[in-house]
Amino acid sequence: MLKVGVLGAGHLGKIHLRLLKESEHYQLVGFYDPDTDNAQKLSQDAGYHLFDNLDELINHVDVVDIVTPTMAHFETAKKCVEAGKHIFIEKPITNTAEEAETLISLAKKHQVKGQVGHVERFNPAFRAAIPTIKDPMFIEAHRLAEFNPRGTDVPVVLDLMIHDIDAILSLVKSKVKSINASGVSVISETPDIANARIQFENNCVANLTASRISLKNMRKSRFFQKDAYVSVDFLEKKTEVVRMKDAPENPDDFAMILQNAEGVKKQIYFENPDIESNNAILDELETFALAIKNDTTPIVSLEQGAEALRVAKQIIAAFDN
């Protein structure tokens, strides 16, 4: 079992601690959080070992799970990597693209692995959709959340939209060609609502909307491709595939048939792939352990985390254009 320590014991850090303690792939050694009062209370209540400082934690583990505010990601990750420790780091990977590139270089130099916590890649609805999504040419994503003060220290693009940016980049096998975007600050110092239009070199277009002041929660993406449409509901964990195939000569009475102006007939088929229940956070942590043990590339590599951040920063920069 890999010895793991958690850095950061906020809302998400507490979830990571609980799951790592349950995991068959890790031995949870303990955690460190500079918020002394919170850390001591958690240690007393849950029985996790509390380290006095980050250096002490690093000395006792193989893997450091970094669940700190984004501004602290780079310096803490750098220290862990230079000590030869593998790192799991929450999204976004770092505060700047330059920091991300430096971290990637350091990980290669010290021969350690890193994974970024883009948890929606492990959402069972998204996983079920992946085999059906082939060369999408138009993508629409809506990620709406009710207001929560947690996370408002960064623009909604880095807080929410980056989930969809990463998911889309993992599916579209083409480079970004251009980005148009707009953002509005309503209650925070940074934009709370944002829309971005990403055009890829293969002419695929992705239209992303994110809001953290919605009256209801929504996390849906739709992928349009030749003869098929795939809908993914990340929140309800549902996937629907609508396919169009050449209509048979003698369709049954209940078949849905469309005919275009040229007289070509297509039959519509509905599919609902099986959704396997899982804990996405536990899955991302455990697949990282397997990548370390088997010396394979993590599912969400540092390079992919850096690319998602790079595109997110381009969207934010486009607000002013």
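Cβ-Cβ below 6 Å, separation at least six or inter-chain, first residue in the range 227-238 and open to solvent by less than 60 Å² (accessible area, probe 1.4 Å), second modelled with pLDDT of 95 or more and part of a strand (DSSP E or B): which pairs?
VAL230/PHE223; VAL230/VAL241; SER231/ARG222; SER231/GLU240; VAL232/SER221; VAL232/THR239; ASP233/LYS220; PHE234/ARG219
Give, as residue ranges, the helices (runs of 4 or more DSSP H) completely inside the range 41-132 that count at least 1 residues that are within 22 Å of the chain's Cα centre (by Cα). Working first, answer last.
Numbers: elements: 54-59, 73-82, 97-109, 124-129.
Hits in the range 41-132: 73-82, 97-109, 124-129.
Can you pull out every residue in the range 104-128 that is free of Cβ contacts under 8 Å to residues at least 60 places away in the same chain and not hydroxyl-bearing (Ser, Thr, Tyr)?
As a first pass, look at the range 104-128 and keep what is free of Cβ contacts under 8 Å to residues at least 60 places away in the same chain: 105-106, 108-112.
Once the filter is applied, which keeps residues that are free of Cβ contacts under 8 Å to residues at least 60 places away in the same chain and not hydroxyl-bearing (Ser, Thr, Tyr), the range 104-128 yields LEU106, LYS108, LYS109, HIS110, GLN111, VAL112.
Looking at (1) outside any loop (DSSP other than H, G, I, E, B); (2) modelled with pLDDT of 95 or more; (3) over 20 Å from ALA141 (Cβ atoms); (4) not hydrophobic (A, V, I, L, M, F, W, C), which one does LYS220 not meet, given that it meets all the others?
Going through (1) outside any loop (DSSP other than H, G, I, E, B); (2) modelled with pLDDT of 95 or more; (3) over 20 Å from ALA141 (Cβ atoms); (4) not hydrophobic (A, V, I, L, M, F, W, C) one by one, LYS220 breaks only (3).
Looking only at the range 55-97, which residues are open to solvent by 10 Å² or more (accessible area, probe 1.4 Å) and among the β-branched types (Val, Ile, Thr)? Write out each step before concluding.
The initial filter retains those residues of the range 55-97 that are open to solvent by 10 Å² or more (accessible area, probe 1.4 Å), namely 55-56, 59-60, 62, 67-72, 74-76, 78-79, 82-86, 90-91, 95-97.
Selection gives VAL67, THR68, THR70, THR76, THR96.
Can you confirm whether the range 274-293 contains a residue that is more than 19 Å from the chain's Cα centre (by Cα) and without any contact (Cβ under 8 Å) to a residue 40 or more places away in the chain?
no
For the condition closer than 30 Å to THR70 by Cβ, open to solvent by less than 30 Å² (accessible area, probe 1.4 Å) and touching a residue at least 12 places away in the same chain (Cβ under 8 Å), what is the one hit in ALA312, ALA255?
ALA312
The values are calculated or read from the model by the stated rules, or taken from the named source; none is laboratory data. Everything numeric here is computed off the predicted structure, so don't read it as measured data. Neighbour counts are summed over all protein chains in view; Cβ atoms, including those assigned to glycine, are modelled from backbone coordinates with ideal geometry. Surface areas here come from the heavy atoms of the whole protein model, side chains and all, with no ligands, DNA or RNA. Shrake-Rupley method; radii C 1.70, N 1.55, O 1.52, S 1.80 Å.
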